[in-house]
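Structure first, commentary second.
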Number of protein chains: 2
Amino acid sequence: MLIGNQSWIFNSKPVILSSASVGGPFEASGAIAKDFDILHKDTWIGQDSFEKAERRLLEEAVEIAIQKSGLKKQDIQFFISGDLLDQIISSSFTARTIGLPFLGVFGACSSSMEGLALAAMMVDGNYAKYVISGASSHNSTAEKQFRYPTEYGGQKPPTAQWTVTGAGASLLGRSGKGPRVTSATIGKVIDMGISDPFNMGAAMAPAAVDTIKAHFKDLNIDHSYYDIIATGDLGSVGHKIAKDLLQEQGIIIPENKFTDCGMLIYKPEQPTIAGGSGCGCSAIVTYGHFLNRMKKGELKKILIVATGALLSPLSYQQKESIPSIAHAVSIEM
Amino acid sequence: MLIGNQSWIFNSKPVILSSASVGGPFEASGAIAKDFDILHKDTWIGQDSFEKAERRLLEEAVEIAIQKSGLKKQDIQFFISGDLLDQIISSSFTARTIGLPFLGVFGACSSSMEGLALAAMMVDGNYAKYVISGASSHNSTAEKQFRYPTEYGGQKPPTAQWTVTGAGASLLGRSGKGPRVTSATIGKVIDMGISDPFNMGAAMAPAAVDTIKAHFKDLNIDHSYYDIIATGDLGSVGHKIAKDLLQEQGIIIPENKFTDCGMLIYKPEQPTIAGGSGCGCSAIVTYGHFLNRMKKGELKKILIVATGALLSPLSYQQKESIPSIAHAVSIEM
């Protein structure tokens, strides 16, 4: 049901019956490598284009999540997915492979939680028994589409982030064992006028702050409700801005509780500059790392605030600033 | 609630409290010009880029729909929208203007009914009081992105369609006067191997057929339930294929009942080749033309089967075929 202005409470608490995350070689050298189901040795994933490689990552994540659940594909009603590529081809072509009724979403890197929020609504409202949602990104497809061909070797400023090569998927059902999706907050598009696509963390930070504030207000809770509040992929630059903006508004989330998926996925010695990004980032960190920690009993309640920079290469060329959004989903053990 | 494998019945029958459609000069010369709220005299809509023009069309449609309803913007919880442009910038930038919590969707030209189906679910399931959903397209933005710059004057084969310059929006609520959304069927991605982006009607026809069949099966009805069954924008070529495919499977929908939004929007003498297309097409024909006919008492029950060709210019260049999808929404007076 609707609570407050822009949030949903899922009274039936849909269960994440299974989840999967798949990554590439750079992720294999990262900080949460042990949380992946598959780590590929090369970024081509045996395909002849990076786009097909990204699609394969998403297909694998979805297939593994279904396998793990013990369900058959035909038990599942809907597949919800989004990615960064023009016309979300990774998701659409994966939907072709999977063969399930498909809802494509786009919220840039917030697509992961947009999908999970919609999946939880469908299960909670009896519009589905089982829904699988996923998101993917690939460093080489994103660099090529949004920036320069990687072969060009363009230098990057210290605010730039590293697009994750990987995909995550989760399978929701009405009952069973596992972490449960309890609420979600759908974000507004916030644009503070930042137009530098090498500083998306700064562009997205105000959206994350807006959604966190709305979530607390709508649910009448504060940070003490959660063990972890993790933004989608602001990276270290955006994370600091988000912390400052929250502080300015009197919301002080303790350091050990407020983190960012883009800051968790890689090791400090990896050349990721300000951290990870891409639709796959929050999907992998949530469906791999955080759910594992929940199952181990280390975390009971988490809030994932996936952030998305809603620019296109064309909107940037036309000198537009970067509209941003963040969707928050609460998962409890 | 879920009915069958891939359909939803909306027991509360969410009401379309208001709707709006906006178009350009070519649409003003079209067959349903009287069904538009605004018809612009030039395709730039007073903007300095076609992308901004498309966005302005969508903003106008949303603003007019809200105005007509007598509601205030803050009464409305969510805005759902999709369009054809890379990273759906028309929708995202409109969401920035409108300032409502935003869910971006992408199903190419099926986005209109994907959005309406999700909006109906939110209202039906008490996840929202009011939701506005929209979709847009612009001939010049689509030609530029998917085909050639219009200045190039490339010749087109007889199977090509004309992307509609326009936007449609509808505002759903729990109660009130107006046509009601009663059910929806979410489509699977169907790909019969057609890879010619100048023949999208043929690519999408099997998806429309698959969704129509699923809709009849899930709801245990046949065509006699509806006064009109209108596919999204197959155009005349795709429409004929859809009719033949349905016939092969023993589903014969009478000629006067089975139509296509892309065949209705323009006059035969306009050089649209096989008919209209684009996310705006089914949105405008549904929210303008069909809803007007329902209000006049000419139609009681309609099924809109919006079709989408899920290709990208890159997937085409990589020699992929065109995966297609169709989402059906039932509207009753």
*asked:* Counting only pairs 8 or more residues apart or on different chains, how many lysine pairs in the range B:180-332 have their Cα atoms under 23 Å apart?
replied: 28
_Sorted largest first, extent of the range B:2-173 alpha carbons per principal axis (Å)_ = 50, 37, 31
*Which Cα, out of B:Ala203, B:Ile273, B:Trp44, lies furthest along the positive dipole direction of chain B (beta carbon charges, K/R +1, D/E -1)?*
B:Trp44
*Using the 7 Å Cα-to-Cβ label point, sort the distances from A:Arg174 to its equivalents in the other copies shortest first and give them in nm to one decimal.*
2.3
*Rg [Å, one decimal], Dmax [Å, integer] - the range B:183-246, C-alpha atoms*: 12.0, 36
*Shortest first, in nm, what separates the label point of A:Phe198 from those of the same position in the other copies (7 Å along Cα→Cβ)?*
4.2
*Using a label position 7 Å from Cα in the Cα→Cβ direction, what is the ascending list of nm distances from A:Gly70 to the same site in the other copies?*
5.5
*Determine the dipole magnitude for the range B:180-332: charges of +1 sit on the beta-carbon of Lys and Arg, -1 on that of Asp and Glu, nothing else is charged, the reference point is the Cα centre, and the result goes in debye to the nearest 20.*
460 debye
*DSSP-defined antiparallel bridges as percent of all bridges, the protein assembly as shown, nearest 5*: 65 percent
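Only sites in a loop by DSSP and with at most 15 other Cβ atoms within 10 Å count here; which trypsin sites (Lys or Arg not before Pro) in the range A:154-251 make the cut?
Values: sites: A:Arg174, A:Lys177, A:Arg180, A:Lys188, A:Lys213, A:Lys217, A:Lys240, A:Lys243; in loops: A:Arg174, A:Lys177, A:Lys188.
Of the trypsin sites (Lys or Arg not before Pro), the ones in loops of the range A:154-251 whose Cβ has at most 15 other Cβ atoms within 10 Å are A:Arg174, A:Lys177.
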*Please state the relative contact order of the range A:220-333 as a whole percent: Cα pairs under 8 Å, 6+ residues apart?*
31 percent
*Rounded to the nearest 20 Debye, what is the dipole magnitude of the protein assembly as shown about its Cα centre when Lys and Arg each give +1 and Asp and Glu each give -1 at the C-beta?*
1560 debye
*Based on alpha-carbon positions alone, could you give the equivalent ellipsoid semi-axes of the range B:85-214 from the gyration tensor, as √(5λ), descending, whole Å?*
30, 20, 12
*Hey, got the dipole for the range B:2-173? About the Cα centre, +1 on K and R Cβ, -1 on D and E Cβ, debye to the nearest 20?*
260 debye
*Taking the Cβ of A:Lys13 as the centre, find all other residues whose Cβ is under 13 Å away and add up their charges (Lys, Arg: +1; Asp, Glu: -1).*
+2
*asked:* Can you tell me the mean projection area, over all orientations, of the convex hull of the range A:180-332's alpha carbons? Units nm², please.
replied: 8.8 nm²
_Can you give the longest run of chain A that contains no GluC sites (Glu not before Pro) sitting in a DSSP loop with at most 13 other Cβ atoms inside 10 Å?_
A:1-254
*Gap in Å between the Cα centre of the range B:138-181 and the Cα centre of the range A:1-66?*
33 Å
_Exposure proxy ranking, count of Cβ atoms within 10 Å, fewest first, for A:Thr165, A:Thr97, B:Thr43_ = A:Thr97, B:Thr43, A:Thr165
_Treating only the Cα positions of the protein assembly as shown as identical point scatterers, give the base-10 log of I(q)/I(0) from the Debye formula at each q in 0.07, 0.09 Å⁻¹._
-0.38, -0.65
*Compute the distribution of all C-alpha to C-alpha distances in the range B:1-99, in bins of 10 Å from 0, and list the percent of pairs in each, rounded to whole numbers.*
14, 36, 33, 15, 3
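May I ask what percent, to the nearest 5, of DSSP beta bridges between residues of chain A are antiparallel? It would help to have the intermediate numbers written out before the result.
On the way: 37 of 58 bridges.
Around 65 percent antiparallel, to the nearest 5.
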*asked:* Limiting things to C-alpha atoms, what are the Rg and the maximum Cα-Cα separation (Dmax) for chain A, in angstroms?
replied: 17.9, 51
*Cα-based Lys pair tally, the range B:18-98, threshold under 26 Å, eight or more apart or on separate chains*: 7
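A short reminder: the numbers here are calculations on the coordinates, not readings from a lab. Keep in mind that what you see is a predicted model, and the values were worked out from it rather than measured. Virtual Cβ from ideal backbone geometry, glycine too; neighbours counted across all protein chains shown.
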